[in-house]
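Just so it is clear, none of the values below were taken in a lab; they were calculated from the coordinates. It should be emphasised that the depicted structure is a prediction, and the values quoted were computed from it without experimental measurement. Glycine also receives a Cβ, built like all others from the backbone with ideal geometry; neighbour counts cover every protein chain displayed.
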Ligand SMILES: [Zn+2]
């Protein structure tokens, strides 16, 4: 593994690229912000909103895909209060046990900004079957939910005739990944690798999974997609997760303070709605040798909130340590024993990146704290 000289992100992150100086594409995108004429970009956003504002009379003129988190708070504020649009909000609930903060935050968006939210609560029977399959085979336990997070808002935007569909940041561009391109259009988001790589036909082979049950996971056809104008806010305004968090707090957003101190995270404000969902992001650790702690440490270094060596300490302390509460909630929902769970996890440790130490623990062969 090679690590970015600036932020510490390893080159095992899917799709990330390093330049000759050993700097990752996420850091290069961040540097590039200085050269952008943000006033001009803001005008472009105003123009885009103008095009759609009031298009359906007193009905909605844009849609926002929300989770209820800090970024959702910011997006709703931007579209409704700053751009004076009339947004309808679409969210996908994952059916997992919610944290107190999670319950509060989705309610807070509705109460603070006065918006209707249409939530999809997916069919649990199908969810559990798919969860076990995609976890065991691909190490992607929340594939069904992640897929719906992409497809549901698009399907709904078509139904409500709200072409302008608002997303937060272009993850691949901001943090490094596939589909590394700077554009306002979120049309290609479905192909960014999170939920694009399992063939529906394969899932239909699973006993009890029908085409009807998977209908909502279908991406819109090319023709339908052409009717939509999905956009990333991060193209128009310099996106900053920490700033969004501070803003959201000022509007009533709750983090996990006094509720839960997550062992494998270094912050308490991102992806805090349910414990079960976090297994998905942690599974990057055995597969690629880094997970949420590295993601945020690198981001904080870019934002100037941490020094690289401070980030390395945090990564060392947290990244490998999947929180026991995540495991507990996950195995309860999916129906595994703990030993079955660990056996499956064991399969996903990338043998090129990891080896077992004399205690039987998986350890990185080239961790960032031993880099030369
Ligand atoms: Zn970097």
Residue order, fewest to most surrounding Cβ atoms within 10 angstrom, among 237, 120: 237, 120
Spatial separation of Cα centroids for the range 40-80 and the range 241-280, in angstrom: 24
Burial ordering of 34, 5, fewest other beta-carbon atoms within 10 Å first: 34, 5
Computed over the range 269-347, Kirkwood Rh from alpha-carbon pairs, angstrom: 13.6
Column: log10 I(q)/I(0), Debye, Cα scatterers of the chain, q = 0.07, 0.09, 0.13, 0.15 Å⁻¹: -0.31, -0.52, -1.15, -1.55
Theoretical ellipticity at 222 nm over the chain - DSSP helices of four or more residues, -39500 (n - 2.57) apiece, nearest 500: -12000 deg cm²/dmol
Highest to lowest packing among 68-74, 257-263, scored as the average C-beta count within 10 Å: 68-74, 257-263
Rg/Rh for the range 1-96, where both radii come from Cα atoms and Rh is the Kirkwood radius: 1.13
Whole-number percent relative contact order across the chain, with pairs defined as alpha carbons under 8 Å at least 6 apart: 21
Inter-site label distance for residue 50 and residue 218 at 7 Å from Cα along Cβ, in nm: 3.8
Pairwise FRET efficiency - residue 338 versus residue 263, Cβ, R0 = 22 Å, nearest 0.05: 0.85
Inter-label distance for residue 201 and residue 1, nm, one decimal - labels placed 7 Å from Cα along Cα-to-Cβ: 3.7
Packing-based order for 222-230, 197-205, using average beta carbon neighbours within 10 Å, highest first: 222-230, 197-205
Share, in percent, of DSSP beta bridges within the chain that are antiparallel, nearest 5: 35
Computed label-point distance, nm, for sites residue 11 and residue 308 using a 7 Å Cα→Cβ extension: 1.5
Stretchable slack from residue 210 to residue 359, in nm (0.36 nm times residue separation minus alpha-carbon distance): 49.1 nm
Relative contact order of the range 217-296, defined on C-alpha pairs under 8 angstrom at six or more residues apart (%): 20
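Would you mind ranking 104, 254, 265 by Cβ crowding within 10 Å, fewest neighbours first? Spell out each step's value before the answer.
Numbers: 104 15, 254 20, 265 26.
If I rank by nearby Cβ atoms, fewest first, I get 104, 254, 265.
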Modelled FRET efficiency - R0 35 Å, residue 31 with residue 161, Cβ distances, 0.05 increments: 0.30
